[in-house]
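J.: I am attaching a structure below and will ask some questions about it afterwards.
The values are calculated or read from the model by the stated rules, or taken from the named source; none is laboratory data. Computed from a prediction, not measured in an experiment: that's the story for all the values here. Each accessible area value is taken on the protein alone, full model and side chains, heavy atoms only, with ligands, DNA and RNA left out. Shrake-Rupley method; radii C 1.70, N 1.55, O 1.52, S 1.80 Å.
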Amino acid sequence: MRIGVDSEVCEAHGQCSIVDMDLFPLDDDGYSAVGPDREVPEGEEDTAKLGVDACPVRALKVLS
Amino acid sequence: MTVPGIDSVDLTTPSASADPFSVFRALREGDPVHWSEAHRAWLITRYDDVSAAFQNKAFSNDRVRPVLERKRQAGAESAATGVLGLMTGWMVVNDPPVHTRLRKLAAGAFKGQRIAAMDEMITRIVDEHLDAFLRGSGPQDLISEVAYPLPATVIATMLGAPPEDRDRFREWSDELALVAFGTGGAARADRHERALRGLREMESYFHTLIGKRRAEPGEDMLSALMAKEGDDRLTDDELVGMCALLLFAGHETTTNSIANSVLALLRHPDQLDRLRRDPALIGPAVEELLRFDGPIKVLNRWVVAETEVRGKTIRPGERVHLVLASANRDPEKFADPDTLDLGRSPNPHVAFGKGIHACIGAQLARMETRIAVARIVERLPGLALAEEPEWKDVLASRSMEKLVVTHS
């Protein structure tokens, strides 16, 4: 599973990071530091999906 | 700028507590960065400004330490400074790097909790309270019977406290609120003293619980918090502080999320019907209910460097109130902000704050509110408001005294 953030859309709500701060790291200003395309470690797919769903502006996407 | 009515704005009057939203609208439109003499603080009311303030490093969360230092300088070493000392260790009143370490440790403990098990535990607790509520007839207070006891019981359970101790968590939560938000008047001075004594008890209770979990770790959050090895692990005093913070931050806010949600649904029967017909809407519905009438009106920040917001100069030593409940009704951000639309999406409300201090318990609070609102809607089909609620005259929270309803 791969996830990514559209940094044009991210507003630094930090809700993804509350789900899992390792899968969804933030930069110093609170914006997502997930990057455009990141691999989710095996076994953490459900958590990744929760984090993506927690984004209030839908900046995060499951890519595959 | 002079706008009629704004110069004397006081958010703690009965009329402002009953309808804060018209005051917020006047502020957003007339003076969105407003110095309030009544509050001795800046009121920031537009979404964009509140949002930017969460990232502005001139606004510090280190806001208990200055109060504590003033008290200590005045020679007032007392039970109050003891409790304030405990609170200065809370991550919510610290900036990085102190905050970063505590937040990481707390996040790890939240992450360790199994979601399916939490869902089941919360549903069971909600249903127990609703069973008792359904046995009653006539007008009953949904807050004291359901919304108020639920979150304290959830936190006590998550910390691994024995069931028979759970009522004490509610008392401690009230006592923490009393000390944190002040008492207001000498008449309540003895209540304050009692609260401080209660909190001493709480501290020794948590120390004992920590000792038990060290000897015999379980699946609970306290065991997860202490499981971390190495130099940055939490000390016992920090663990006590963390337990108190989880209780303080997770209790009244969740109570008000549930109660305000139910009230908003009762006032919008079309939306209540919509949720009844489509229970799967509960996720976005709760986000919209949090936006529409969330539990926190105001978060405050301490100014540590000169900064400018919308042309106003804000200076070190001043206080800033970020009015979340106003930001969430800003028409620049939300179309028809005063309309409750359970299907609203996207819904970038700031009821949980934003950025590095965004409420760490947000997922738990969402889960509790979703389950409680869904079960109330499902199990109380005849739910109706029995009397007009009264709002508490407090600045920080949006909180009813009672929510008296009938269910048949």
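J.: Counting helices only, and only those DSSP H runs with n ≥ 4, report the 222 nm mean residue ellipticity of chain A as the sum of -39,500 (n - 2.57) divided by its residues, in deg cm²/dmol to the nearest 500. Working shown, then result.
T.: Working: 2 runs with 15 residues, N = 64.
Value at 222 nm, helices only: -6000 deg cm²/dmol.
J.: What does the accessible area of B:K312 come to, in Å² to the nearest 10, when a probe of 1.4 Å is used?
T.: 60
J.: So which residue, out of B:N260, B:N94, B:N56, gets the largest mean-square fluctuation from a GNM of chain B using Cα contacts under 10 Å as springs?
T.: B:N56
J.: In whole Hz and in residue order, list the ³J(HN,Hα) couplings for the range A:48-59 that follow from phi through the Karplus curve 6.51 cos²θ - 1.76 cosθ + 1.60, θ = phi - 60°; x for Gly and Pro.
T.: 4, 5, 4, x, 5, 5, 6, 5, x, 10, 6, 7
J.: Oh, and also: Residue by residue, what Karplus-based ³J(HN,Hα) values in Hz, rounded to whole numbers, does the range B:128-136 have, using 6.51, -1.76 and 1.60 with θ = phi - 60° and x for Gly and Pro?
T.: Working through the residues one at a time gives 4, 5, 6, 4, 5, 4, 5, 6, x Hz.
J.: What whole-number distance in Å separates the alpha-carbon centres of the range B:315-372 and the range B:83-117?
T.: Each part reduced to its Cα centre gives a spacing of 21 Å.
J.: Once you've got the GNM for chain B with C-alpha springs shorter than 10 Å, pick whichever of B:R135, B:R375, B:R46 has the biggest mean-square fluctuation.
T.: B:R135
J.: Sorted from largest down, give the three principal axis spans of the alpha carbons of the range A:2-62, whole angstrom values.
T.: Taking the Cα atoms of the range A:2-62, the three principal extents are 29, 19, 19 Å.
J.: Measure up A:K61/B:K57; B:K57/B:K312; B:K57/B:K111; B:K71/B:K354; B:K297/B:K354; B:K104/B:K228 against 22 Å on the Cα-Cα distance and list the ones that go over.
T.: Going by Cα-Cα distance, A:K61/B:K57; B:K57/B:K111; B:K71/B:K354 fall outside the 22 Å limit.
J.: Solvent-accessible area of B:D174, probe 1.4 Å, all protein chains present, reported in Å² to the nearest ten, please.
T.: About 80 Å², rounded to the nearest 10.
J.: When the convex hull of the C-alpha atoms of the protein assembly as shown is computed, what volume per residue in Å³ does it have?
T.: In the protein assembly as shown, the Cα hull volume divided by residue count equals 157 Å³.
J.: OK, next. I want to verify the translational diffusion coefficient of the range B:271-408 in µm²/s; compute it with Stokes-Einstein, Rh as the Kirkwood radius over Cα pairs, at 37 °C and 0.692 mPa s.
T.: Approximately 192 µm²/s, per Stokes-Einstein.
J.: For B:M400, enumerate residues with amide H under 5 Å from its amide H, sequence gap 5+ or separate chain, H modeled in the peptide plane.
T.: Residues meeting the amide H criterion: B:K392.
J.: How much accessible surface area, in Å² rounded to 10, belongs to the heavy atoms of B:S345 with a 1.4 Å probe?
T.: Spelled out: B:S345, probe radius 1.4 Å, area about 80 Å².
J.: Still on this structure: ³J(HN,Hα) across the range B:392-408 via Karplus (A = 6.51, B = -1.76, C = 1.60, θ = phi - 60°), whole Hz, x for Gly/Pro?
T.: The phi angles translate into 6, 7, 10, 7, 6, 10, 9, 9, 8, 5, 8, 10, 8, 9, 10, 10, 8 Hz.
J.: Oh, and also: Evaluate the Debye formula for the range B:14-406 with equal point scatterers sitting on the alpha carbons, no solvent, and hand back log10 of I(q)/I(0) at q = 0.06, 0.11 Å⁻¹, in q order, two decimals.
T.: With one equal scatterer per Cα and no solvent, log10 I(q)/I(0) is -0.23, -0.83.
J.: Can you compute the helix-only [θ] at 222 nm over chain B? Use -39500 (n - 2.57) per DSSP H run of at least 4 residues, normalise by all residues, nearest 500 deg cm²/dmol.
T.: Values: 16 runs with 212 residues, N = 408.
Theoretical 222 nm ellipticity from helices: -16500 deg cm²/dmol.
J.: Specify whether the C-alpha gyration tensor of the range B:154-268 places it in the rounded, prolate or oblate class, a ≥ b ≥ c being the square roots of the eigenvalues: rounded for a/c under 1.5, otherwise prolate if a/b is larger than b/c and oblate if not.
T.: Oblate.
J.: Could I ask something else about it? Where a ≥ b ≥ c are the square roots of the eigenvalues of the C-alpha gyration tensor, would you call the range B:1-120 rounded, which needs a/c under 1.5, or, failing that, prolate if a/b is larger than b/c, or oblate?
T.: It comes out oblate by the Cα gyration axes.
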